[in-house]
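Asker: Provided herewith is a single structure, encoded as structure tokens, for subsequent inquiry.
The values are calculated or read from the model by the stated rules, or taken from the named source; none is laboratory data. In this text the structure is predicted, and so the values were computed from the model without any measurement. Positions of Cβ are generated from backbone atoms using ideal geometry, with glycine treated the same way; all protein chains shown enter the neighbour counts.
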Amino acid sequence: MNAQRLLANACASVLVALTLVWVGAPAQAAACEKGTGTTVVVQGQGMNSTRCTGKVSKASEAFETAGFPLTYTTRFQGFVCRVSGKPASDPCQTASPADAYWGLFWADGKGGGWKYADKGVAQLSIPEGGWVAFRFQDGDGKKYPSANPVGPAPKPTPKPTPKPTAKPKPTVAPTSKPSGTPSTSTSATPTPGGTPSASATPGATPSTDAPVAVDDESAGDSTDQATAGVSTSADDDASSGPGGWTFVALGLLAATGGLIGWRVWKRR
């Protein structure tokens, strides 16, 4: 039994210690970020709470929204005698005594500190990012809220990480294939100092005419050959048309005259 009592007392002591730590926790824990919302503080009568609400127009709305119901006296409308039901000893018939009442404070949230309200909670307006507090007064001097009426700095907005842009794949242009087989032609190339070669044409036989030297002894043969050639040509020309014999006769006369002139010149 003694061991069980000792264990129970130890557990109770731990719970009491945790409660004291929670009550004495810093009031800044649940404050709104600087410049945003409305921060509500309640200290005294066993309470030390700080809560953040949205933007409100009046202080009374801030307390109600933050979860601190207010009780007003019956004779003086707008005078708060209880916050969250405390102190329960106040009958809330008339104004609370000067050494046991809730003092109303406010701050702009910009570092200007707490100010004692000169208006009732229903008439006091709170700016955006401002603070409002009830601090229980249990002595002759005024006790201001212990919380610093400046909220924590807003958290920096993380910059989005840019997504890598996919690189475009290189486009390979199709290679055009040559159509058909290229033809190769062979042309005659002149050789310096030599005889030009005939064009490489299948079936063509190059003809070569070489000059023939004529002397006295072969003059007759040449005359005969010339005559024979003229005659042959005359025959060929005669067959070509009705005027062919005229050209044959003129050719014979020209050849005979040329032969006679040649022999006369040689004899001289």
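Asker: What is the number of the single condition among (1) in the same structural domain as residue 34 (by TED's automatic domain parsing); (2) in contact (Cβ under 8 Å) with a residue 24 or more places away in the chain; (3) not in a strand (DSSP E or B) that residue 148 does not meet?
Answerer: So residue 148 meets the others, but not (1).
Asker: If a residue must be exposed (fewer than 12 other Cβ atoms within 10 Å of the Cβ) and in contact with a Gly (Cβ under 8 Å, 6 or more places away or on another chain), how many such residues does the stretch 80-95 contain?
Answerer: 0
Asker: Before we move on, is residue 34 under 21 Å from residue 151 (Cβ atoms) and at pLDDT 85 or above?
Answerer: Yes; evaluated as a whole, the condition is true for this residue.
Asker: Of all residues in the stretch 96-109, count the ones that are surrounded by 13 or more Cβ atoms within 10 Å (Cβ to Cβ) and assigned to a loop (DSSP other than H, G, I, E, B).
Answerer: So the answer is 4.
Asker: From (1) closer than 18 Å to residue 131 by Cβ; (2) of a type outside the set (Lys, Arg); (3) crowded, with 21+ Cβ neighbours inside 10 Å, pick out the condition that doesn't hold for residue 36.
Answerer: If we test residue 36 against (1) closer than 18 Å to residue 131 by Cβ; (2) of a type outside the set (Lys, Arg); (3) crowded, with 21+ Cβ neighbours inside 10 Å, just (3) comes out false.
Asker: Would you check if residue 97 is farther than 16 Å from residue 60 by Cα and at pLDDT 95 or above?
Answerer: Answer is no for this residue.
Asker: From the list 139, 103, 180, which one is modelled with pLDDT of 95 or more and not aliphatic (A, V, I, L, M)?
Answerer: 103
Asker: What single numbered condition from (1) in contact with a Lys or Arg (Cβ under 9 Å, 6 or more places away or on another chain); (2) among the hydroxyl-bearing types (Ser, Thr, Tyr); (3) within 18 Å of residue 143 (Cβ to Cβ) fails to hold for residue 49?
Answerer: Of everything listed in (1) in contact with a Lys or Arg (Cβ under 9 Å, 6 or more places away or on another chain); (2) among the hydroxyl-bearing types (Ser, Thr, Tyr); (3) within 18 Å of residue 143 (Cβ to Cβ), residue 49 misses just condition (1).
Asker: Every residue in the stretch 38-64 that is at pLDDT below 95 and outside any strand (DSSP E or B), please.
Answerer: 54, 55, 56, 57
Asker: Next up: Condition check: out of contact with any Asp or Glu (no Cβ under 8 Å at 6 or more places or on another chain), without any contact (Cβ under 8 Å) to a residue 12 or more places away in the chain and assigned by TED's automatic domain parsing to the domain that holds residue 133. Does residue 31 satisfy that?
Answerer: Details: out of contact with any Asp or Glu (no Cβ under 8 Å at 6 or more places or on another chain): yes; without any contact (Cβ under 8 Å) to a residue 12 or more places away in the chain: no; assigned by TED's automatic domain parsing to the domain that holds residue 133: yes.
It is false that residue 31 is out of contact with any Asp or Glu (no Cβ under 8 Å at 6 or more places or on another chain), without any contact (Cβ under 8 Å) to a residue 12 or more places away in the chain and assigned by TED's automatic domain parsing to the domain that holds residue 133.
So that you can scan it fast, the table gives a plain yes or no per residue for (1) assigned to a strand (DSSP E or B); (2) over 16 Å from residue 39 (Cβ atoms):
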| residue | (1), (2) |
| --- | --- |
| 68 | no, no |
| 76 | no, yes |
| 82 | yes, yes |
| 128 | no, no |
| 142 | no, yes |
| 160 | no, yes |
